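To keep things clear, I will list the structure first and then write my remarks on it.
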Amino acid sequence: MKRQALAFAAAALLQAPTALAATELQFWHSMSGAAGDEVNALASRFNASQQGYRVVPVFKGGYEDSLAAGVAAFRTRAAPHILQVFDAGTATMMAARGAVKPLYQLMAEAGEKFDARAYMPAVSSYYLDKRGKLLSLPFNSSTAVFFYNKDLFKKAGIDPDLAPKTWRDVQAAALKVRDTDAAPCAYTTDWQSWVLVESLSALHNEPLATRSNGFGGADAKLNFNGQLLMRHIGLMSSWAKSGLFTYAGRGTGGEAKFASGECAMVTASSSAYAGLAKSARFAFAVSPLPYYDEFSGAPYNTIIRGASLWVPAGKKPAEYKGIAKFFSYLSGPEVQAEWNRQTGYLPNTLAAYALIRAQGYYDRNPGADVAVEQMSRKFEHYSRGVRLAHFSRIRAVIDEELEAVWSQIKTPKEALDSAVVRGNDLLRRFERGGKG
């Protein structure tokens with residue numbers, strides 16, 4: 001027994017230096033609920049796969065909260081090793097020259113195999129610099145899609161296997177839902193600025209701002225008060241007045257109304273698919289975002305919403321090597337496939353998409369591939385997205401003006417014109433170094 005105890009003690013001593021030598025990497029993120037659980041699981045699986053590094057996920061609140069915490073930590077040189085930053089904060093991070101370690105540089109210096117071309121162009125292009133170099137790692141990405149309740153469609157006398165393709169089709173379906181009392185709510189939406197303004201503009205390759213929607217420089221000016229959005233917000237206003245459109249708030253209230261069976265149709269994030277597949281007590285389908293076929297070339301690809309992972313400057317070489325290894329792990333097809341299945345977020349790489357299809361996941365879950373197919377359409381000038389400083393503040397302005405339309409306080413023209421003027425005022429203040 002004594003010899004056995006000594007053997008165990010010796011083994012423990014031999015293992016102790018390895019455990020103590022593990023380099024800890026702080027990972028600040030904004031993923032809650034099931035997505036947060038999967039972030040923790042990702043870190044645990046990576047930690048178990050090697051002994052040199054230990055990733056420690058830390059939830060820092062919502063996107064705005066974590067970005068603010070990250071910026072404050074940058075200033076005091078107490079930044080984490082990895083910071084998740086949402087899409088609207090990308091321009092802010094890019095402007096922080098010298099404060100971040102570009103992804104392409106991190107991977108090259110660490111000797112990790114990395115090719116930006118492995119990522120879906122509509123995903124990676126949002127995080128590229130002017131030279132085509134990837135600055136941050138695409139992490140959780142989604143796009144706007146259209147969900148409809150097949151059971152309610154049947155009740156309203158609509159073919160449940162025929163998805164509405166255009167906004168005219170949506171209106172026809174909404175009228176039938178309303179007129180047959182199939183549901184108290186015909187159509188609703190999540191994230192109205194992202195879906196009804198940003199995504200719709202990209203879908204038709206229409207500009208939101210000059211300078212290629214901000215990708216071409218910091219002095220861009222908003223100009224989305226044109227024919228497309230004037231027409232669409234006018235249509236939505238008439239729907240709100242006639243009861244075809246129910247406004248559900250600025251966040252994911254529309255998804256909740258759809259999941260409960262209250263609303264027959266919703267435009268929402270593609271990431272909602274995983275949750276609906278588990279909780280919905282009715283048959284539903286997902287299809288591409290509706291469009292206007294009068295606009296030449298439409299539909300184009302839609303844009304992403306989500307976040308990427310940024311790395312602060314000033315860390316130790318050993319820490320950078322560990323971060324690079326973790327990023328390589330996250331980019332693996334198997335890991336990306338699992339992330340897609342568990343969270344509903346897009347597989348960011350082409351190899352992961354091919355693996356998921358080969359595994360038969362899309363055959364077992366019809367419609368789960370709609371988001372990827374939609375993002376893989378022709379990619380044009382204004383369908384890349386929007387990259388403007390502090391864009392979340394501009395989104396809040398757009399939300400406020402749209403709410404004035406839904407309540408019939410403002411006409412669509414008044415609201416869109418006001419949103420452009422107010423948004424441009426914010427941009428000029430930011431350029432002057434003000435807080436807006």
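A short reminder: the numbers here are calculations on the coordinates, not readings from a lab. Note that the structure is a prediction, hence the values are computed from the model and not measured. Note that we place each Cβ from the backbone using ideal geometry, even for glycine, and neighbour counts take in every protein chain shown.
Here are the numbers for this structure:
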{"read-out": "Under 13 Å, Cβ to Cβ, from VAL100 - net charge with Lys/Arg +1 and Asp/Glu -1", "value": "+3"}
{"read-out": "The chain, relative contact order in percent, only Cα pairs under 8 angstrom and at least six apart counted", "value": "24 percent"}
{"read-out": "Cβ crowding within 10 Å averaged over residues, with 209-219, 137-147, 329-339, 77-87 ranked highest first", "value": "137-147, 77-87, 329-339, 209-219"}
{"read-out": "The chain: calculated mean residue ellipticity at 222 nm from DSSP helix runs of at least 4, using -39500 (n - 2.57)", "value": "-14000 deg cm²/dmol"}
{"read-out": "Counting DSSP beta bridges with both ends in the chain, the antiparallel % (nearest 5)", "value": "60 percent"}
{"read-out": "Under 16 Å from the Cα of LYS316 - aspartates and glutamates, other chains or at least 8 residues apart", "value": "GLU24, GLU109"}
{"read-out": "Burial ranking of peptide ranges 154-163, 306-315 (average Cβ count within 10 Å, highest at the top)", "value": "306-315, 154-163"}
{"read-out": "Hits among lysines - C-alpha to C-alpha of LYS133 under 17 Å, sequence gap 8 or more where chains match", "value": "LYS101, LYS113"}
{"read-out": "Total formal charge among the other residues, if their Cβ is under 15 angstrom from that of LYS321, Lys/Arg +1 and Asp/Glu -1", "value": "+2"}
{"read-out": "Crossing angle, helix 333-343 versus the chain [Cα axis fit, 0-90 degrees, rounded to tens]", "value": "50 degrees"}
{"read-out": "Among 23-30, 377-384, the order from most to least packed when residues are scored by Cβ within 10 Å on average", "value": "23-30, 377-384"}
{"read-out": "Helix 167-179 vs. the chain, principal-axis angle (Cα, 0 to 90°, nearest 10)", "value": "70 degrees"}
{"read-out": "Charge context of GLN192, other residues only, Cβ under 15 angstrom, K/R +1, D/E -1", "value": "-2"}
{"read-out": "Pairwise centroid distance, computed over Cα atoms, of segment 386-422 with segment 324-351, Å", "value": "35 Å"}
